[in-house]
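A quick write-up on the structure given underneath.
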Amino acid sequence: MMYRKLYASRCEDDRIDALDNLEMLIEQIDNANNLEKLNMWEPLHALLTSGPDSVKAHAVWVIGTALQNNPAAQDAYLKLAPLPTLTSFLSPSSGNSAASSQQIRSKVIYALSGLLKHNAPALVQLNSDGWSRLCQALQDPNIAVRRKTAFLLNSLLTPNETTSSSSSSSSDNLHTPDSQQNQGPIHPNSHAAHLFQPGRALTSALTLEAMTKHNILGTLIDGLTNPLPYGEDGDQEEVDPDFEEKGVALLRTYAIVCNGTLEHDQKDRLREWIGKEKMKDSGGLAERWSMSGGELDELVQRVKS
């Protein structure tokens, strides 16, 4: 019944109602995994390229909810090669109205987060255009899209220590007796993919390369040191504290945690900007950026030439 309500022949309200009900159901991971058994991934994805904007927005939200912390759903959806379609929505110059376009872009970041986090095989499929659109999203007119994009990129860039240590343990076990290696069969479940692919969650190296290759780092630095106005009319010029905090967190992960390269001019801009912010917020800058004093000092030292 719910499947039939998604058809284009149904009225818009019926389709939205069906998607709302479906979204509540698939919050439970077992129900999310049933989407593949019921052959519903393809019709759900098809809604992104047809129908009114309201249906597209609800469909992409359903997709994002099904993917959250669910490797089995990630793999099922990835079979449809959905990344070009998803990232195509990240351009503000699409044919949608301004309000609906902003709403869809925000929800697309949610879906991309569900698909890409802890999923290196999906990240490999993100092409140059996809990375470029993520880069552009750091300057989106909708400040919520900027915040979510910075948070997503930071999640992808942060090294996964648990998986790394698991991979190391697996290597060590090559030299242990067979009886110790045999940990029993891998049973099919939502997270079995991580057992079959121990390096699946290692997205940091791929993201680190993309930060410079696709000018994400440069765009981030621009967004922090000279932020573009935002809002529907582009008339909000005040600094958004939430984006700034998330942007600085991404910068710190890149420069400190991953020891990423900073060009001399980038260091100069960041050093000047951080100095000005310290003068404006004497003694409170670390707290403003959710850092310890030591972490802030470490970042300051990193941007010194």
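The values are calculated or read from the model by the stated rules, or taken from the named source; none is laboratory data. Worth saying up front: this structure is predicted, and the values here are computed from it rather than measured. Because the Cβ atoms are built from the backbone with ideal geometry, glycine has one as well, and the counts that use them run over all protein chains shown.
Figures for the structure shown
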quantity	calculated
Single condition CYS258 does not satisfy, out of (1) farther than 21 Å from THR158 by Cα; (2) within 23 Å of the chain's Cα centre (by Cα)	(1)
Segments classed as helices (runs of 4 or more DSSP H), wholly inside segment 174-266, with at least 3 members that are closer than 25 Å to GLU298 by Cβ and modelled with pLDDT of 90 or more	204-213, 216-225, 241-252
ALA111 vs. criteria over 20 Å from LEU138 (Cα atoms), buried (at least 16 other Cβ atoms within 10 Å of the Cβ) and either modelled with pLDDT of 95 or more or among the hydroxyl-bearing types (Ser, Thr, Tyr) (or both)	no
Check on LEU217, farther than 15 Å from ARG147 by Cβ, surrounded by 13 or more Cβ atoms within 10 Å (Cβ to Cβ) and out of contact with any Gly (no Cβ under 8 Å at 6 or more places or on another chain)	no
Segments classed as helices (runs of 4 or more DSSP H), wholly inside segment 30-88, with at least 3 members that are crowded, with 17+ Cβ neighbours inside 10 Å and in contact with a Phe, Trp or Tyr (Cβ under 9 Å, 6 or more places away or on another chain)	41-46, 53-67, 71-78
Tally, over segment 210-267, of residues that are touching a residue at least 60 places away in the same chain (Cβ under 8 Å) and among the acidic types (Asp, Glu)	4
Pairs, first surrounded by 15 or more Cβ atoms within 10 Å (Cβ to Cβ) and assigned to a loop (DSSP other than H, G, I, E, B) in segment 272-286, second of a type in the set (S, T, N, Q) and modelled with pLDDT under 95, C-beta under 9 Å, six or more apart	none
In segment 57-90, the residues that are over 15 Å from the mean Cα position of the chain (by Cα) and of a type in the set (Phe, Trp, Tyr)	TYR77
All positions within segment 110-135 that are within 8 Å of the chain's Cα centre (by Cα) and not in a helix (DSSP H, G or I)	LYS117
